[in-house]
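Visitor: Quick one: structure below, then a few questions.
Values quoted throughout were computed directly from the atomic coordinates according to the rules given, and no laboratory measurement underlies them. The structure presented is a predicted model; accordingly, all values stated were derived computationally and were not measured. Glycine gets a Cβ as well: all are built from the backbone with ideal geometry, and neighbour counts include every protein chain shown.
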Amino acid sequence: MNEANNYILLFGEPVDYPQQVSVDRQGKAYYKFNMAVERGSGIIDILPIVVEEDTAAYNALADIDEKGEIVGAQLVIKGEVRTRNLKGKDSGKLDISVRAFEITEDDNYKGITNRVIITGHICKEIPTRTTPRGFTIADVTLAVNREDGSNLSDYIPSIMWNGTATRASKKLRVGDVIEAVGRLQSREYIKDLGDGDKEPRTCYELSVSKYEILKTSEVSA
């Protein structure tokens, strides 16, 4: 269904100005901003976008900045979903963002606002749970190999709903390769830190609307 194994398309508005967040070993800087992306239901997802210095996406942002205001601009972004394990005081947390490869300003855009297509391995057993409203959810972790020659993988937390969730928990096994289609969404929750301390947090996950099994593992075959 898709040539690339990790693809995301977003349409929305930046809610803050890009800020430098890191510099790699080659001295290349990376900038991050948050973008509001509206679902068909009207719910707004606030998603983190990362742009690498001296790329087409970076130059497009610079052009938009020269012409007007980045915050509130109508942007179409194409890129990949990226993850990394944080270190230091945030050790153990998974950082999820969208690496932008193409950025276009389009005030008349009428297409899909949030679409992800990824190909990955099932890397954990798939548990199911039931929400307070009675929905069945399957938690799926997909390992997606990068195609940039780095030999790295992105581990993308994903969820499936109701019938799709039930079928996935019964059919999918660790090592199976699937192509998943859905949207990247943000969700606010309260983390219980113990001793009565609580902390508001935001998690990002791929909400899978459908999937296709491309290869079964040797164990499950």
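Visitor: Using a Cα-Cα cut-off of under 14 Å, which aspartates and glutamates could be cross-linked to LYS170, ignoring same-chain neighbours fewer than 8 residues away?
Guide: Qualifying aspartates and glutamates at Cα under 14 Å: GLU125, ASP139.
Visitor: Which of GLU147, GLU102, GLU38 moves most in a GNM of the chain, Cα contacts under 10 Å?
Guide: GLU147
Visitor: Shifting gears a bit: Compute the helix-to-body angle for 162-171: its Cα long axis versus the longest principal axis of the chain, expressed 0 to 90° and rounded to tens.
Guide: With rounding to tens, the tilt is 60 degrees.
Visitor: Rounding to the nearest 20 debye, state how big the charge dipole of the chain is about its Cα centre with +1 on each Lys and Arg Cβ and -1 on each Asp and Glu Cβ. Walk me through the intermediate numbers first.
Guide: Working: 29 positive and 35 negative charges, 238 e Å.
Value, rounded to 20: 1140 debye.
Visitor: The range 1-42: which trypsin sites (Lys or Arg not before Pro) are DSSP loop and have at most 14 other beta-carbon atoms within 10 angstrom?
Guide: Answer by residue number: ARG25, LYS28, ARG39.
Visitor: Suppose each label sits 7 Å from its Cα in the direction of the beta carbon; what would the TYR189-ASP148 distance come out to in nanometres?
Guide: Placing both labels 7 Å beyond Cα along the Cβ direction yields 2.8 nm.
Visitor: In addition: From the cross-link list LYS78/LYS198; LYS110/LYS171; LYS78/LYS215; LYS28/LYS215; LYS28/LYS171, which pairs have alpha carbons spaced over 32 Å apart? Before the final figure, lay out the partial values.
Guide: Working: LYS78/LYS198 36 Å; LYS110/LYS171 37 Å; LYS78/LYS215 27 Å; LYS28/LYS215 37 Å; LYS28/LYS171 43 Å.
Among LYS78/LYS198; LYS110/LYS171; LYS78/LYS215; LYS28/LYS215; LYS28/LYS171, the Cα-Cα distance tops 32 Å for LYS78/LYS198; LYS110/LYS171; LYS28/LYS215; LYS28/LYS171.
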